[in-house]
Structure formats: C-alpha cells, structure tokens
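The values are calculated or read from the model by the stated rules, or taken from the named source; none is laboratory data. From a predicted model like this one, the values you see are computed outputs, not experimental measurements. Counting neighbours? That spans all protein chains shown, and the Cβs are built from the backbone with ideal geometry, glycine included.
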Amino acid sequence: MPLGWENWTLPPTSAEYPGAEPFVPERATLPRLRGAVDDCRGCDLFRDATQGVMGDGPVPARLMLIGEQPGDKEDLAGLPFVGPAGRLLDRALVEAGIDPAGTFRTNVVKHFRHVVKGGKRIHRSPVRWQVAACEPWLLAELELVRPEIVIILGSTAGQAVYGPTFRVGATRGRALEWPAEQMGAGPSAAVATAHPSSVLRSREREKDRAALVADLVVARELLARR
Ligand code: URA
Ligand code: SF4
C-alpha cells in the first residue's frame with residue numbers, strides 16, 4: 001500500500017466491501033487469476049461492469065504496463081487495452097522499438113467504472129478507496145509476471161503505486177525507484193508517462209503522442225542496459 005493511503009483503504013461500507021484480498025487465489029497462475037477476478041466483490045465496481053478484466057501478456061515478461069481500468073471495449077472483451085487507447089498504445093510501443101506482444105499489460109482497477117448517459121457508458125475514474133481495494137490483484141500480477149521495468153500510464157496508476165501526491169507531469173520520462181517497502185520487491189525501475197486515453201482526448205494530440213513515445217523509449221533503453 002503506497003504511503004498516504006492509510007485512511008483510504010476502508011470503503012464507506014467496509015463490511016460489505018472488504019477489498020480484493022479474500023478473493024485472490026493462492027499460488028496464482030494467470031488463468032486462475034482471470035477466473036477469480038470475475039467473482040471479486042472487494043468493492044462496489046463489479047455491480048455495473050460486465051466482467052472483471054485481468055492483465056494479459058506473457059508470463060514472465062520483462063516489461064509491464066499499468067493503466068487505470070478497463071474501458072468500454074475492454075469490459076465487453078474481458079481483455080485489457082483492446083479499444084482505441086490500446087491501439088494508440090500499441091502503435092506508440094512499436095514506434096519506440098518495443099514489441100507490444102512481449103509486454104504484459106494491466107490496470108490498477110479490474111472493473112469498468114462508468115455512468116450511463118443517453119444510452120452510452122461514460123468512463124469515470126475510480127476513486128481512491130476503489131483503487132486501494134483492488135490493489136491485491138495488481139500485487140499478485142507483479143509477483144507472477146516479475147517485470148524488470150514497469151511503465152506507469154497516467155496518474156491513477158501512478159497514485160496506486162506511489163501514493164496520492166503522484167503527478168505525471170513531475171515524474172515522467174525518467175527512471176523512478178520502485179517503492180518496494182510499500183509495493184513489495186519488484187522491478188528495478190518504473191517509468192511514468194501519460195495515459196494513452198489522455199493523448200486521444202488531447203487537443204495537441206501529435207505533440208502528446210510524441211511525448212508518450214519518448215517516454216517509452218526511456219523504458220526501452222533502461223531495459224537494454226540491464
Ligand atoms: N484504458 C486503460 O487504462 N486500460 C485499458 O485497459 C483500456 C483503456
Ligand atoms: Fe474487486 Fe477490483 Fe472489481 Fe472492486 S474493482 S470488485 S476490488 S476486482
């Protein structure tokens with residue numbers, strides 16, 4: 001649990017929503033995690049979502065990317081980063097010299113938080129206690145995948161790892177120390193960058209896309225030096 005989250009781990013109705021821990025299987029394999037996440041009742045987000053979405057990719061993998069939560073398409077497909085943000089991410093990875101198929105991608109929250117407006121499902125970022133409730137799944141994935149470098153996509157993922165004061169703007173594009181005391185032994189470094197969804201929404205899309213690619217290059221270079 002990152003520092004600064006201590007008072008956020010209990011949801012408003014903590015007896016009803018105990019966090020993910022009791023639902024995470026021991027001796028996890030990716031198929032077991034995938035089977036179990038759908039039955040998680042650790043917070044309220046399972047109620048409106050189609051299914052829980054576990055990370056996907058090779059196990060182990062040298063590079064792990066951590067996003068926010070599944071989007072509309074991911075919720076329906078049961079796989080992370082299969083929608084527009086995922087396509088942008090794939091292209092950015094290729095441009096940075098990273099094979100997308102060699103990476104493990106996941107999210108800090110495994111169910112899609114949204115509101116329905118005019119028949120459409122509109123993304124809502126998860127709130128802190130929901131992120132904290134979901135963290136045991138991410139820890140299980142980290143243990144399984146054992147990445148050498150983690151790429152943090154956006155501020156929700158950054159705050160899940162580094163705590164609520166984390167800002168992408170202040171940290172992006174350089175090697176960050178992994179907070180092993182809070183998150184457990186892990187990668188040798190993390191690199192933060194913007195979330196691909198924010199690039200999609202940006203009015204300076206080309207500039208922001210180039211900045212995303214540049215940050216991914218930093219991660220590739222860190223890997224190459226190991
Ligand atoms: N955005 C995310 O953060 N994760 C996904 O899986 C898709 C979109
Ligand atoms: Fe469990 Fe996470 Fe889904 Fe909440 S969002 S129900 S903690 S898997």
Tally time: how many residues in segment 72-88 are of a type outside the set (D, E) and within 14 Å of ligand 2 (Cβ to nearest atom)? 2
Search result, residues across segment 29-58 that are more than 10 Å from ligand 2 (Cβ to nearest atom) and surrounded by fewer than 16 Cβ atoms within 10 Å (Cβ to Cβ): T29, P31, G35, D48, P58
Would you confirm, using the coordinates I've provided, whether V24 is β-branched (V, I, T), farther than 30 Å from L200 by Cβ and touching a Phe, Trp or Tyr at 6+ places or on another chain (Cβ under 8 Å)? yes
Being surrounded by fewer than 17 Cβ atoms within 10 Å (Cβ to Cβ) and closer than 18 Å to L63 by Cβ, is that true of even one residue in segment 186-197? yes
The residue that is farthest from the chain's Cα centre (by Cα), considering only those in segment 64-114 that are small (G, A, S) and not in a helix (DSSP H, G or I), is G97
Unmet requirement for A133, which otherwise passes all of (1) within 13 Å of ligand 1 (Cβ to nearest atom); (2) of a type in the set (A, V, I, L, M); (3) farther than 27 Å from S188 by Cβ; (4) crowded, with 23+ Cβ neighbours inside 10 Å: (1)
Give me the residue from segment 102-120 that is within 16 Å of ligand 1 (Cβ to nearest atom) and hydrophobic (A, V, I, L, M, F, W, C) and, out of that set, nearest to M64 (Cα to Cα). F104
Taking helices (runs of 4 or more DSSP H) that do not extend beyond segment 177-226, which have at least 2 residues that are under 23 Å from A85 (Cβ atoms) and free of Cβ contacts under 8 Å to residues at least 60 places away in the same chain? 196-201, 205-224
Could you please tell me which pairs satisfy a Cβ distance under 8 Å, a separation of 6+ or placement on different chains, a first residue in segment 40-59 that is on the phi < 0 side of the Ramachandran plot and among the hydroxyl-bearing types (S, T, Y), and a second residue that is surrounded by fewer than 18 Cβ atoms within 10 Å (Cβ to Cβ) and at pLDDT 95 or above? T50/L76; T50/G78
Do any residues in segment 112-141 that are modelled with pLDDT of 95 or more have Cβ atoms under 7 Å from those of residues that are in a strand (DSSP E or B) and surrounded by 23 or more Cβ atoms within 10 Å (Cβ to Cβ), where the two are at least six apart or on different chains, and which pairs are they? L138/T106; E141/T106
